[in-house]
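A quick write-up on the structure given underneath.
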Amino acid sequence: MPIITLTSDLGLKDYYVAALKGMIFSAGGDITFVDISHGVMPFNILEAGFLVRSVIPFYPKGSVHLVCVENPKIDNKELAIVLFKDVFLIGPNNEVLSLITEDQESRSWICKPEYSEFHSFPALSFYTKIAIEIARGTDPSNFGIEGKIERSLWLNPTISKNNVLRGNIIYSDHFGNAVTNLKTQEFLKFQAGRNFTFSIRNVVFNRLMKHYSDVTRGEPLLLSGSHGMLEVAFNDGSAYKLLGIKEDDLFSIELV
C-alpha cells in the first residue's frame with residue numbers, strides 16, 4: 001500500500017491542499033494520503049524539516065514524504081528526490097531536505113523540469129506528479145541525475161573555543177513548547193555528567209527533565225522531548241507566551 005505524506009506552508013484557507021489531494025486521488029490505485037502539517041510558517045524550512053524528520057521513524061519502508069515549502073533565498077527551480085532510511089523525500093532542492101537527512105547516508109537525484117512544467121504552483125504542476133510515480137515504484141533515475149542536494153547551514157549547534165555550546169529555537173508546537181536544534185544525545189555527550197547552565201533570554205536552567213510533571217504546575221523546564229530534541233517548556237503553560245521565546249532565538253549552554 002503506497003503512502004504519500006504532505007508537509008506544506010499552504011495553510012487550509014485556500015484551495016491549494018485540496019488540489020494536491022485531488023491530483024493524488026485522481027491518479028487511481030491504492031495510494032494512501034496522509035497530512036503531516038499544512039501549518040508551517042510561510043517559507044520556514046526549519047519547521048518543515050523538523051516535522052518530517054520527527055515522523056519518519058513511524059512510517060513503513062517505501063513511504064514517500066512530499067515537502068512543499070519554498071525558500072526565497074534559493075530559486076534554482078530544481079526538484080530533489082532523496083532515498084533516506086528506506087523512505088523517499090521529495091521537495092524543492094532548497095536546503096529543506098538536508099534538514100531532514102542531517103548529513104546522514106542517503107542517495108539523491110536532482111530533477112530540472114521543463115519551463116512549461118514549472119509555474120507559480122510547482123507543488124501542483126510538478127512535485128506531486130513525481131511523488132505519485134515514485135510511490136508506484138518508478139525508479140528516481142527516470143526523472144533526474146544522481147547528485148548532491150543543497151545543504152543547510154542550520155544543521156547543528158556550535159561549540160566555541162571556551163567550550164560554550166550555542167544553538168537556536170527551530171519550532172514551536174501547538175502547546176507553545178520551544179524546540180531547539182540540539183539533540184538530547186548530543187547534549188548528554190557534551191555535558192558528560194557535569195553541571196551546566198542552559199540560558200535563553202533571561203531564563204536559566206540547570207537540570208534536564210524527562211516529564212512535564214517533574215516541576216510544579218506553572219513552572220518552566222528544560223525537557224528531553226519525545227522527538228529526541230531538547231525543548232523549553234512549561235508544566236501547563238506556553239514557553240512562547242510566558243517566556244517570550246520565538247523561533248530563531250539563541251540559547252547557550254555552559255559547563256560549570
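The values are calculated or read from the model by the stated rules, or taken from the named source; none is laboratory data. Everything numeric in this text was worked out from a predicted model, so none of it was measured. In this analysis, Cβ positions are derived from the backbone assuming ideal geometry, glycine residues included, and neighbour counts consider all displayed protein chains.
So the check is Cβ under 8 Å with 6+ separation or different chains; which pairs have a first residue in the stretch 217-234 that's buried (at least 22 other Cβ atoms within 10 Å of the Cβ) and a second one that's aromatic (Phe, Trp, Tyr) and part of a loop (DSSP other than H, G, I, E, B)?
Within 8 Å, the pairs are 233/175.
Output the residues belonging to the stretch 235-256 that are surrounded by fewer than 16 Cβ atoms within 10 Å (Cβ to Cβ) and of a type in the set (S, T, N, Q).
Hit for the stretch 235-256 is 252, nothing else.
Going residue by residue through the stretch 178-185, is there one that turns out to be aliphatic (A, V, I, L, M), modelled with pLDDT of 90 or more, on the phi > 0 side of the Ramachandran plot and not assigned by TED's automatic domain parsing to the domain that holds residue 31?
Going through the stretch 178-185, the residues aliphatic (A, V, I, L, M) turn out to be 178-179, 182.
So of that shortlist, the ones also modelled with pLDDT of 90 or more come out as 178-179, 182.
Filter once more, keeping what is on the phi > 0 side of the Ramachandran plot: none.
Scanning the stretch 178-185, I find no residue that is aliphatic (A, V, I, L, M), modelled with pLDDT of 90 or more, on the phi > 0 side of the Ramachandran plot and not assigned by TED's automatic domain parsing to the domain that holds residue 31, so the answer is no.
Could you please find all residues in the stretch 12-27 being touching a helix residue (DSSP H, G or I) at 6+ places or on another chain (Cβ under 8 Å) and farther than 22 Å from residue 137 by Cβ? Before the answer, list the steps.
Keep residues of the stretch 12-27 that are touching a helix residue (DSSP H, G or I) at 6+ places or on another chain (Cβ under 8 Å), which gives 16, 19-20, 23-24, 27.
Within the stretch 12-27, 16, 19 meet the criteria.
Give 26, 8, 63 a once-over and let me know the one that is within 11 Å of the chain's Cα centre (by Cα) and of a type in the set (Ser, Thr, Tyr).
Values: 26 fails: within 11 Å of the chain's Cα centre (by Cα); 63 fails: within 11 Å of the chain's Cα centre (by Cα).
Answer to the selection: 8.
Residue by residue through the stretch 33-71, note down the ones that are touching a residue at least 60 places away in the same chain (Cβ under 8 Å) and farther than 25 Å from residue 145 by Cα.
Across the stretch 33-71, the qualifying residues are 41, 44, 46, 47, 50, 51, 54.
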